[in-house]
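The values are calculated or read from the model by the stated rules, or taken from the named source; none is laboratory data. Please read all numbers here as calculations on a predicted model, not as lab measurements. Note that we place each Cβ from the backbone using ideal geometry, even for glycine, and neighbour counts take in every protein chain shown. All accessible areas refer to the heavy atoms of the entire protein, side chains included, with ligands and DNA or RNA removed. Shrake-Rupley method; radii C 1.70, N 1.55, O 1.52, S 1.80 Å.
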Amino acid sequence: MSEIILELANFSKSFRSHWTYAQKSAVIDVCLGVYRGEAFGYIGHNGAGKTTTIKCILGLIRASSGSIKFSGSEINAEQRKKIGYLPEQPYFYDHLSVRETLLFLGGLHGLRGPVLNERVDKTLAQVKLDHRANSPVRTLSKGLQQRLGFAQAIINDPELLILDEPFSGLDPIGRREIREEIIALNKTGTTIFMSSHILSDVEDVCDRVAIMARGRLKQVINIKEEHLSRPESVIITFAVDRLNPVFKESAVAAGALIVERAPYATIELSDIDSANNLLQTAIANNMNILDYSLKRPDLEEIFFRITEDGQ
Ligand code: ATP
């Protein structure tokens, strides 16, 4: 995973107000690179500049300054054919069937004849929509429509798949299906660039995540490194009304935070060695250990820490 497939260098975009003609910056001096084969998250509050960035990558609007490169050269129409795109709210002609929709959209990518038919069949199977191939789009649930959105985004077998809020409006089952679909596509080699407000899903799907705030890139987080990083604390939970007094004394001496709330008692320590010593004491005292967990900040906590500058 070393080649950079997508690179933004000092990329900025501003809009001019129709009323005052004043310039308003939507994205400011963003520099980042997405490796071929990775799943990259692009997160931020409402108005942080995510959709604006995506529109510029796709060539729907023009960057004000800086550059956007695809596989090392300035992005152009030919290279954009290697990109698939799922907009936040995909729009379909609802009187067309699922198959007709994909035949139509595949045709727009320049696919024709048997190649197009083959590609449509393969894509329908890939997103598990083949059983609804002949259903009119209007009869599909929101979750299945999102699957169709996926299908149209990958009909051209893209190298890079850009997903703008792929979980928006989905129930937990639909979210899980789409999450699994993204992971499956990524495993087959498709590079993913996705924006989402559902940070737990981003954490599950992505290798690295860029955090945007008010148009600026604040930080790029490597999720795996975060997951392997030193825990902030260790929490041990016991099934007891009250802690064994000998154990409690050792826990207090080790600086543990103790909460006794029947039928459980928990102790939390920031030092792993002390936690392991206490665990030995607990085992020696035949205490009923229910849970031992390492507490690390999740993406949501990291996001709030990085963006908590008054937004
Ligand atoms: P959301 O999560 O709400 O979709 P976002 O991070 O995608 O937000 P953008 O839609 O990129 O944010 O908007 C970034 C900023 O640019 C916002 O302040 C928005 O109002 C402004 N903006 C976006 N498009 C235009 C436009 N066509 N004209 C003027 N301002 C715009």
Ranking 178, 86, 210 by how far each Cα lies towards the positive end of the charge dipole of the chain (+1 on Lys and Arg Cβ, -1 on Asp and Glu Cβ), the top one is 86
GNM flexibility winner over the chain from 104, 40, 167 (Cα, springs under 10 Å) | 104
Residue-averaged [θ]222 nm for the chain, counting only DSSP H segments that reach four residues, each worth -39500 (n - 2.57) | -10500 deg cm²/dmol
Listed residues 140, 160, 290; largest mean-square fluctuation, Gaussian network over the chain with Cα springs below 10 Å, found at 290
For 287, 212, write out the residues from largest to smallest accessible area, computed with a 1.4 angstrom probe and no ligands counted.
-> 287, 212
A correct Kirkwood calculation over the Cα atoms of segment 192-245 returns a hydrodynamic radius in Å of 14.4
In debye to the nearest 20, the charge dipole size for the chain, taken about the Cα centre with +1 at each Lys and Arg Cβ and -1 at each Asp and Glu Cβ, equals 1180
Interatomic Cα distance distribution for segment 23-63, bins of 5 angstrom, percent | 5, 19, 27, 29, 15, 4, 1, 0
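Given just the C-alpha atoms of segment 169-290, how large is their convex hull per residue in cubic angstrom? Mind showing how you got there, number by number?
Details: hull volume 23.0 nm³, N = 122.
Cα-based convex hull of segment 169-290, divided per residue, equals 188 Å³.
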Whats the longest run of the chain with zero trypsin sites (Lys or Arg not before Pro) that are DSSP loop and have at most 11 other Cβ atoms within 10 Å?
-> 113-241
Overall Cα dimensions of the chain, principal axis frame, Å, largest first = 78, 51, 40
D_trans [Stokes-Einstein, Kirkwood Rh over alpha-carbon pairs] for segment 219-268, 10 °C, 1.306 mPa s, µm² s⁻¹ = 125
GluC sites (Glu not before Pro) restricted to DSSP loop in segment 226-273 with at most 13 other C-beta within 10 Å = 232
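What share of the DSSP beta bridges in the chain is antiparallel, in percent to the nearest 5?
So the antiparallel bridges in the chain amount to around 70 percent.
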Across all Cα atoms of segment 233-295, Rg and the largest Cα-Cα distance (Dmax), in Å, are 10.1, 27
Taking the C-alpha atoms of segment 91-151, how large are the radius of gyration and the largest Cα-Cα span, Dmax, in Å?
-> 10.5, 30
Rounded to the nearest 20 Debye, what is the dipole magnitude of segment 91-151 about its Cα centre when Lys and Arg each give +1 and Asp and Glu each give -1 at the C-beta?
-> 140
Run the numbers on the chain and let me know its relative contact order in percent, using alpha-carbon pairs under 8 Å that are six or more apart.
-> 19
